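Shown next, in structure tokens, is the structure this report addresses.
The values are calculated or read from the model by the stated rules, or taken from the named source; none is laboratory data. Worth saying up front: this structure is predicted, and the values here are computed from it rather than measured. Note that we place each Cβ from the backbone using ideal geometry, even for glycine, and neighbour counts take in every protein chain shown.
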Amino acid sequence: MNLLPGVASLVVFVFAPLVLMVFVTFWRSSVDGMEPIWNLDNYRKVASDPMFAGLLLKSLRIAVTVTVVILMLAYPLAYIIARKTSRYKHLLLLLVFIPYWISYVIRTYAWYPILGKEGAINYVLGALRISAQPVELFLFNEFSVHVGLVSVFMPFAVVPIYLSLERISPTLLEAAADLGARPARSFLHVVLPLSLPGLLGGALMVFILTVGAYVTPQLLGGPSGIMLGNIIADQFGGTFNWTWGGTLSLMLMMVTLVVIWLVSRRVRVGQVFLGD
């Protein structure tokens with residue numbers, strides 16, 4: 001009985017909308033919205049539309065690139081936090097999450113005065129006489145999308161990596177040192193393997209959040225920086241082609257589930273958050 005409220009919430013707010021979305025993909029779009037006329041037109045369009053394949057590959061490429069960059073930044077930060085005393089750990093973790101006290105949209109817009117034509121980067125380039133004219137390559141393209149996504153989602157990798165590093169007993173490193181292992185060797189053969197669950201868990205979280213992103217590409221990407229999430233959002237809120245939007249959403253979800261399955265074969269979620 002204690003599980004009943006949770007199960008009911010999952011059925012009402014997760015499974016029921018998901019089943020409805022699957023049904024909608026087999027319906028026909030009309031001027032009035034959609035008609036429950038069963039057909040496979042949307043799936044034929046997926047198979048034949050090169051724009052879908054191009055945007056899906058682009059979204060996957062951006063998601064993978066952002067995930068790799070975030071892991072390269074998050075792992076050293078998480079390592080530093082895990083090796084600090086309790087007093088400084090709490091402070092550093094607080095600093096990691098302080099940006100989340102500010103709205104997602106405001107944090108994204110905050111890149112305008114940095115990357116814009118009259119922004120801080122162009123000011124520095126002009127002051128150093130590196131560029132006589134403002135450079136317009138920093139905003140409204142894939143580069144700015146990458147920057148925005150990295151800044152927004154990096155804490156989602158820091159936390160699971162930190163949790164894995166925190167569970168590594170210092171006695172293991174001391175034992176490795178007693179056996180003659182140098183710090184670099186101890187890291188490669190002790191710390192890195194034991195922190196792999198957190199590393200893969202953080203990578204999975206960042207990838208899932210990034211591959212379907214649409215707010216950051218919408219605000220920072222411009223025409224060349226749109227992702228599949230932008231097209232999906234436009235189907236529901238712009239053209240009101242819900243059957244096509246549902247189909248694109250389902251395809252993106254299936255790709256994401258494949259990635260989750262591949263990662264779950266290597267590490268269990270409980271290893272990341274519960275230490276199981």
| query | Among the helices (runs of 4 or more DSSP H) contained in the stretch 2-64, which hold 3 or more residues that are farther than 29 Å from Gly221 by Cα? | reply | 4-10, 16-24
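For every residue, the table says whether it meets (1) in a helix (DSSP H, G or I); (2) among the hydroxyl-bearing types (Ser, Thr, Tyr); (3) within 22 Å of Leu95 (Cα to Cα).
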{"residue": "Ser151", "(1), (2), (3)": "yes, yes, yes"}
{"residue": "Ser164", "(1), (2), (3)": "yes, yes, yes"}
{"residue": "Glu174", "(1), (2), (3)": "yes, no, no"}
{"residue": "Val191", "(1), (2), (3)": "yes, no, no"}
{"residue": "Leu200", "(1), (2), (3)": "yes, no, no"}
{"residue": "Ala203", "(1), (2), (3)": "yes, no, yes"}
{"residue": "Ala213", "(1), (2), (3)": "no, no, no"}
{"residue": "Leu219", "(1), (2), (3)": "yes, no, no"}
{"residue": "Gly229", "(1), (2), (3)": "yes, no, no"}
| query | Which one of Ala78, Ala63 is in the same structural domain as Ile232 (by TED's automatic domain parsing) and either at pLDDT below 90 or closer than 18 Å to Gly148 by Cβ (or both)? | reply | Ala63
| said: Out of everything in the stretch 47-85 that is buried (at least 18 other Cβ atoms within 10 Å of the Cβ) and among the β-branched types (Val, Ile, Thr), what residue ends up being nearest to Phe23 (Cα to Cα)? | reply: Ile62
| query | How many residues are surrounded by fewer than 18 Cβ atoms within 10 Å (Cβ to Cβ), over 23 Å from Thr65 (Cα atoms) and either of a type in the set (Gly, Ala, Ser) or touching a residue at least 12 places away in the same chain (Cβ under 8 Å) (or both) if we restrict to the stretch 216-241? | reply | 3
| task | Being under 26 Å from Leu252 (Cα atoms) and either in contact with a His (Cβ under 7 Å, 6 or more places away or on another chain) or small (Gly, Ala, Ser) (or both) is the filter here, so list the residues in the stretch 161-209 that pass it. | result | Gly198, Gly201, Gly202, Ala203
| field | Positions within the stretch 98-137 being of a type in the set (Lys, Arg) and under 23 Å from Phe153 (Cα atoms), in sequence order | value | Arg107
| note | Result of the Cβ filter at 8 Å on the stretch 44-56, keeping first residues that are under 19 Å from Ile208 (Cα atoms) and partners that are of a type in the set (Lys, Arg), at least 6 apart or interchain, is Phe52/Lys45
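For Leu149, state whether it is in the same structural domain as Val64 (by TED's automatic domain parsing), surrounded by 21 or more Cβ atoms within 10 Å (Cβ to Cβ) and either touching a Leu at 6+ places or on another chain (Cβ under 7 Å) or farther than 30 Å from Glu35 by Cβ (or both). Give the steps one after another, and end with the answer.
Working: in the same structural domain as Val64 (by TED's automatic domain parsing): yes; surrounded by 21 or more Cβ atoms within 10 Å (Cβ to Cβ): yes; either touching a Leu at 6+ places or on another chain (Cβ under 7 Å) or farther than 30 Å from Glu35 by Cβ (or both): yes.
The answer is yes for Leu149.
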| message | Need the failing condition index for Ser30 against (1) closer than 30 Å to Leu248 by Cβ; (2) out of contact with any Asp or Glu (no Cβ under 8 Å at 6 or more places or on another chain); (3) at pLDDT 90 or above, just the number. | response | (3)
